[in-house]
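Q: If you scroll down you'll find the structure; I have some questions about it.
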Amino acid sequence: MGAGYVLGVDCGSTTAKSVVFTPGGRIVGIGQARVPQVTSTPRQVERDMKATWLLVAETIRDALADAGCTGADIAGIGMTAHGDGVFLLDHHAEPLGRGIMSLDSRAFGVHEGWKEAGLLDHLLPVAGQRPYPYSATTLLAWIKRFEPERYGAIGTVFFAKDWLRFCLTGGIATDLTEASTAFTDLHTQSYSQKILQTLDLQEIASALPPMLNSCDRAGHVSAEAALMTGLLQGTPVSAGLHDVIAASVGLGQVRAGDMTVTAGTFSINEVLRDRPVTGAEWACRAGYRKGLWNCMAISPASASNLEWMARYIAPDDPDAAAHLIEASIARFEQGRVERQIPLYHPYLFGSPFETPATASFLGLQSWHDRADLFQAMIEGTIFNHRHHVEDLMSTGPVNSIGVSGGGSRRPEIGQLFANIFGRPVMTSPVREAGALGAALTASVACGNHPTLEDAVAGLDMQHTRFVPDPALSRYYDAIYTRYTTLAQVLEPFWPSLHSAPVPHEQPLRAATA
């Protein structure tokens, strides 16, 4: 087929991107679009499934045009998308309501009930993780309780990426990495009836789709999808990857002991293992093939903090976060030891703690400017990554740490990660690691490479390695100790900050002279 390019599609929490890559991993074309979230109901974050597919199809057309190629030049397509949540089809393979995203918190009460009943800890040795409030199983339990007619109409349980691949091929399937977010046995890496029975979801077993390995051929571009996207009918499509592992693969991290840190909407931290390792601080899910596991520690407390601040400082500038990073890094570590910067806990959307947390600036003074605040937010989000990385270090030895997202392609940010971690880190010149990871599964599915490891070995890219500055690492160690200590001090007060104050029995009277 033509030039033998591969196409990676990555539909994230806010943006969908389609990227055309050379076999060596160089980007030759990209299309992107903002994908709306539906948040009209409190605690619910959803996505219109058909509208999302139309936007993704548009990004594919734009990527082909940007690359100056046609569908005949694409050898294979791989897909990834935001993970967890749940996207449902009815028995006629039509969307059953809107897709539910991982930012959704409607099922918090269900999750609390399971925790009080001891079900979460009971599942840990079986599933390798405790379900999150946004896990597919928790959301399905909420639907069963509050929308029983919808629950009874479920024909297929999908994740976001599976729905998009279905639109492209017409085939119903999922892959091992997605299925392991909720439904698979830790040891066999196959669907677990015990998980469903424990959570009273046994009726859903028949709706779980066939489970493939990530590099398996899951179908071919249909005639209808070819007309919508400009792709060639019959082009192979791989099963694809959960977005967390896609970012790891796109950085070239495919060996047991490789660790990847991704700064995005979530603080994502993961390390591959050749054996299952469980712990309360991380989820142990499947890697991109059977016999490989991915220990993953996450929290919604990373670069989304920077985007939140940017919206308020410059609401009319779509690139405000990038501009504020530029303004801040101009002063990074220039007299950092002498210049007092506020401390920031990045818990706007969540935290690593079970207690509902709140974000806060501490040590804020009148002479601080917005560059100081933004630097504090950047440092705070990296401290949160370090929190998770230190937990994952207990799972075994680490070969290397790769960092993507969150402005990490800027050398100042890469160096800051190294200094705060106190360990060498490396970054990739590819700015779309998730899309590249998905595209590499397509490279295997279409026969360009025999294995994913071979596809990664064939990448033509030079990583940048950052070594920590010993003096600055010691300094950041002291700040990190202060960061964690203050979080422990504040933790008992967080729940009260999430509720309305209790009124005084007697109203306070104004003082009189």
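Q: Output the residues belonging to region 7-26 that are in a strand (DSSP E or B) and open to solvent by 10 Å² or more (accessible area, probe 1.4 Å).
A: Asp10, Thr15, Lys17
Q: Using the structure shown, decide if Thr381 is in a loop (DSSP other than H, G, I, E, B) and in contact with a strand residue (DSSP E or B) (Cβ under 9 Å, 6 or more places away or on another chain).
A: Judged against the criteria, Thr381 is not a match.
Q: Return yes when Pro346 is open to solvent by less than 40 Å² (accessible area, probe 1.4 Å) and of a type outside the set (Lys, Arg) and no when it is not.
A: Yes; evaluated as a whole, the condition is true for this residue.
Q: OK, next. Starting from residues that are over 17 Å from the mean Cα position of the chain (by Cα) and open to solvent by less than 10 Å² (accessible area, probe 1.4 Å), keep the ones in region 165-180 and report whichever is nearest to Gly83 (Cα to Cα).
A: The residue in question is Thr174.
Q: If you don't mind, there's one more thing I want to ask. Is one or more of the residues making up region 83-91 open to solvent by 10 Å² or more (accessible area, probe 1.4 Å), in contact (Cβ under 8 Å) with a residue 40 or more places away in the chain and out of contact with any His (no Cβ under 9 Å at 6 or more places or on another chain)?
A: There is at least one residue in region 83-91 that is open to solvent by 10 Å² or more (accessible area, probe 1.4 Å), in contact (Cβ under 8 Å) with a residue 40 or more places away in the chain and out of contact with any His (no Cβ under 9 Å at 6 or more places or on another chain).
Q: Looking for something open to solvent by less than 10 Å² (accessible area, probe 1.4 Å) and aromatic (Phe, Trp, Tyr) - is there at least one such residue anywhere in region 419-432?
A: Within region 419-432, none of the residues are open to solvent by less than 10 Å² (accessible area, probe 1.4 Å) and aromatic (Phe, Trp, Tyr).
Q: Which of the residues spanning region 289-298 are buried (at least 23 other Cβ atoms within 10 Å of the Cβ) and either aromatic (Phe, Trp, Tyr) or assigned to a loop (DSSP other than H, G, I, E, B) (or both)?
A: Trp293
Q: Still on this structure: Condition (residue is open to solvent by 10 Å² or more (accessible area, probe 1.4 Å), farther than 25 Å from Ser13 by Cβ and assigned to a helix (DSSP H, G or I)) applied to region 181-194: is it met by at least one residue?
A: Checked region 181-194: at least one residue is open to solvent by 10 Å² or more (accessible area, probe 1.4 Å), farther than 25 Å from Ser13 by Cβ and assigned to a helix (DSSP H, G or I).
Q: What are the residues in region 382-400 that are under 29 Å from Gln462 (Cβ atoms), open to solvent by 10 Å² or more (accessible area, probe 1.4 Å) and touching a residue at least 40 places away in the same chain (Cβ under 8 Å), if any?
A: The answer is Arg386, Gly396, Pro397, Val398, Asn399, Ser400.
Q: Something else about it: Scan region 195-228 residue by residue and report those that are open to solvent by 50 Å² or more (accessible area, probe 1.4 Å) and part of a strand (DSSP E or B).
A: Met211, Arg217, His220, listed by residue number.
Q: Given the structure, is Ser408 surrounded by fewer than 22 Cβ atoms within 10 Å (Cβ to Cβ) and more than 20 Å from Thr484 (Cβ to Cβ)?
A: So Ser408 fails the test.
Q: On the given criteria, is Phe361 assigned to a strand (DSSP E or B) and among the hydrophobic types (A, V, I, L, M, F, W, C)?
A: So Phe361 passes the test.
The values are calculated or read from the model by the stated rules, or taken from the named source; none is laboratory data. This one's a predicted model, so the numbers in the text were calculated from it and none came from an experiment. Glycine also receives a Cβ, built like all others from the backbone with ideal geometry; neighbour counts cover every protein chain displayed. Keep in mind that these areas ignore ligands, DNA and RNA; they rest on the heavy atoms of the full protein, side chains included. Shrake-Rupley method; radii C 1.70, N 1.55, O 1.52, S 1.80 Å.
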